[in-house]
1. Which residue pairs have Cβ atoms closer than 6 Å, lie 6 or more positions apart in sequence or on different chains, and pair a first residue in region 95-118 that is under 14 Å from Glu186 (Cβ atoms) with a second residue that is of a type in the set (Ser, Thr, Tyr) and assigned to a helix (DSSP H, G or I)?
2. For Thr481, indicate whether it is at pLDDT 75 or above, touching a helix residue (DSSP H, G or I) at 6+ places or on another chain (Cβ under 6 Å), more than 27 Å from Ser688 (Cβ to Cβ) and surrounded by fewer than 19 Cβ atoms within 10 Å (Cβ to Cβ).
3. Looking at the structure I just gave you, is Val652 assigned to a loop (DSSP other than H, G, I, E, B) and surrounded by fewer than 20 Cβ atoms within 10 Å (Cβ to Cβ)?
4. Give me the pairs: first residue in region 584-597 and closer than 12 Å to His657 by Cα, second residue of a type in the set (S, T, N, Q), beta-carbon distance under 7 Å, and six or more apart or on different chains, which are they?
5. Residue by residue through region 208-232, note down the ones that are part of a loop (DSSP other than H, G, I, E, B), loosely packed, with under 14 Cβ neighbours inside 10 Å and of a type in the set (Gly, Ala, Ser).
6. Counting only residues that are in contact with a Phe, Trp or Tyr (Cβ under 6 Å, 6 or more places away or on another chain) and of a type in the set (Asp, Glu), how many does region 340-365 have?
7. If only one of Leu329, Leu294 is under 23 Å from His159 (Cβ atoms), part of a loop (DSSP other than H, G, I, E, B) and in contact with a Cys (Cβ under 9 Å, 6 or more places away or on another chain), which one is it?
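The values are calculated or read from the model by the stated rules, or taken from the named source; none is laboratory data. The model shown is predicted, which means the values in this text are computed figures rather than measured ones. Quick reminder, even Gly has a Cβ in these numbers, built from the backbone with ideal geometry, and neighbours come from all protein chains shown.
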Amino acid sequence: MAAGGSLSRSERKAAARAEILQQEEQRDRRRQVSRIWRKPPAERSPEECQVLSESEDIVRELERRRKRRERLRRRQEEVCDEPEELKRKVIELAAAIRNAKHLVIYTGAGISTAASIPDYRGPNGIWTLLQKGRSISTTDLSEAEPTLTHMSIACLHKHNLVQHVVSQNCDGLHLRSGLPRSAISELHGNMYIEVCTSCTPNREYVRVFDVTERTALHKHHTGRMCHKCGAQLRDTIVHFGEKGTLTQPLNWEAATEAASKADVILCLGSSLKVLKKYPRLWCMSKPPPRRPKLYIVNLQWTPKDDLAALKLHGRCDDVMRLLMEELGLQIPGYERARDPIFALAEPLRPEEEGTHSRKPVAPPQGTEPAAAPRDEPPARYDMVHYGHSNQLRQARAMGDYLIVGVHTDEEIAKHKGPPVFTQEERYKMVQAIKWVDEIAPGAPYVTTLETLDKYNCDFCVHGDDITLTIDGKDTYEEVKTAGRYRECKRTQGVSTTDLVGRMLLMTKAHHSNIDEDLDYRKHTDNFGKGPKGHSPWTGVSQFLQTSQKIIQFASGKEPQPGDTIIYVAGAFDLFHIGHVDFLEKVHQLAERPYIIAGLHFDQEVNRYKGKNYPIMNIHERTLSVLACRYVSEVVIGAPYAVTADLLDHFKVTLVCHGMTEVVPDKDGSDPYEEPKRRGIFQLVDSGSNLTTDLIVQRIIKNRLEFEARNQKKEAKELAVLEAMKRLEEEKH
């Protein structure tokens, strides 16, 4: 022993040798016990039995391992229900589907095995073969066609029995089966789609070939360039170990919303080992009685089996054939000539022809591709605000080309009352919203099939409120009956009614960080209120900003080398045509502009504008400006003075201001002193004389007409509500 009680070097070496010898003895002992334990009991000698009795800990561990291996083996086995048992279960499943109010289907690789695409965890699955050390053969996915299960799901959706499909597959077969893109969430991407993430919103390119030839984990560029901005395109695939960030085709927003509404979830051909890791798909935060009923179709065990109302052991095509027969529905056959991919596909340019070597999906010779799905939300869009923009954002996600019908002044005056903006102002305002591809000026107030056909639209979209004609009839009745109507969620807390009321009332209670006063509570309770109470559509509610809403509106695009970063600042209150004209002129100042809009806090705007300005609070103004196609980024609560720190932080190369008066800062200084000193300040004449003050003057001038208009509108809506309640009572 060395001084101080520590071991000497030789003692430490001796202790290490002893520990190694002990470990070797333990390994030898375990090998000996394992060899004896594997023998049948009848073949063990007395000495071997003695060894086992002296090694109970090792024997228990061996037993645990054996049970675990057996459990894993059983879980990997494919089990098929007897025909009669399967038929009985299908009848029970059919009854659940008929009674479901909101059915969502989750699909996995098992629904595509009939198309010769291997699954992952089946007996011949990719992971199974790799675990066994066997090689896997390459499969040309473009040779695959939608299976009977794919076509059955599309049929169920067409008959409104399925509301949404959430798929783990990236083979694109749901899209090719004819299922609308708005009804699909492809959580792991689509092999036929590449996107430009530099464009706002992201620009998609659907191809007729597999775009993933050059891509891999954390390596997503496909080698082709965006036709609009020239940036590199990337695939949409989410590999194991990656987190999907693209809006489409992943469509997580719709998947989450569908799951939250679901009362029945049907899982087809999925082991659920990946899907179980997404809590928002299973409503686990809800108490068990309120969670959706779960039905599983899979040959193997899944981790959700114990929670399922019913487990069907069968091949997906076999189950779906029986199910469709039980529901009395004919399964449509897949016709390559009608494959939607040919209509959706963006053709390669001549210089792109050599950028891939994958075999394309080819249409039959002599066929003409069908038109791509287009949607049109005909609407009034008077006083265009972020609620309208949010509706258009949702509508654009439902199709591939968005046409917005805007009514004339005459139509609005006839059915609604006096418009706030002129029709020309409305046309330009709607066109400036970044999700709009085209506008249809002078759209009729009542949407007909003739209107949809005229613009080659597959369906029209409206919010979940109701729109009535002057005689109280639903303006979308005809297209609803024809099954060419889709609905999106109305943005709570904003309406033209509320904004008009704020202008007339002249209070500040709508500002952020200000408590609601008595006058404003009275306004929200009475403005536009009919004699029989409030309509849930016309009444005023409180807008609550969320980070998710900002993310949905934001471009997420960073400035790129070569971009001209332009800074503009102001209130941008009641975002109107004057703002649009200004931003459009600013946008034209550079070849590659990146416009950052600085929005002042409510209290700052009120300091230099006075009265009850701003009419919209900072959260509402943020969304309004983010929706504009000319704006790349917004600074929420920007300082009134454009400082050196702000210019340096954003690397600003140009600061612009309109022809309106510049009010001095609190200390009397010029808020644009620093950019003027640097020689990067420029006045821009928008050519428009419309201001927020003029809009307010229009409202005040027609105050009585607006109040009468809102009361009349609400009275019609309440009459419809009463009729709907009576019908519901008669059913029960």
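1. That search, which allows pairs on different chains as well, returns Ile111/Thr149.
2. Details: at pLDDT 75 or above: yes; touching a helix residue (DSSP H, G or I) at 6+ places or on another chain (Cβ under 6 Å): no; more than 27 Å from Ser688 (Cβ to Cβ): yes; surrounded by fewer than 19 Cβ atoms within 10 Å (Cβ to Cβ): yes.
Criteria not met by Thr481.
3. Yes, satisfied.
4. Close Cβ pairs satisfying both conditions: Lys585/Ser686.
5. Once the filter is applied, which keeps residues that are part of a loop (DSSP other than H, G, I, E, B), loosely packed, with under 14 Cβ neighbours inside 10 Å and of a type in the set (Gly, Ala, Ser), region 208-232 yields only Gly230.
6. Of the residues in region 340-365, the ones in contact with a Phe, Trp or Tyr (Cβ under 6 Å, 6 or more places away or on another chain) are 346, 356, 358, 360, 363.
Remaining after also requiring of a type in the set (Asp, Glu): 346.
Counting residues in region 340-365 that are in contact with a Phe, Trp or Tyr (Cβ under 6 Å, 6 or more places away or on another chain) and of a type in the set (Asp, Glu) gives 1.
7. Working: Leu294 fails: part of a loop (DSSP other than H, G, I, E, B).
None of the others qualify; the one that does is Leu329.
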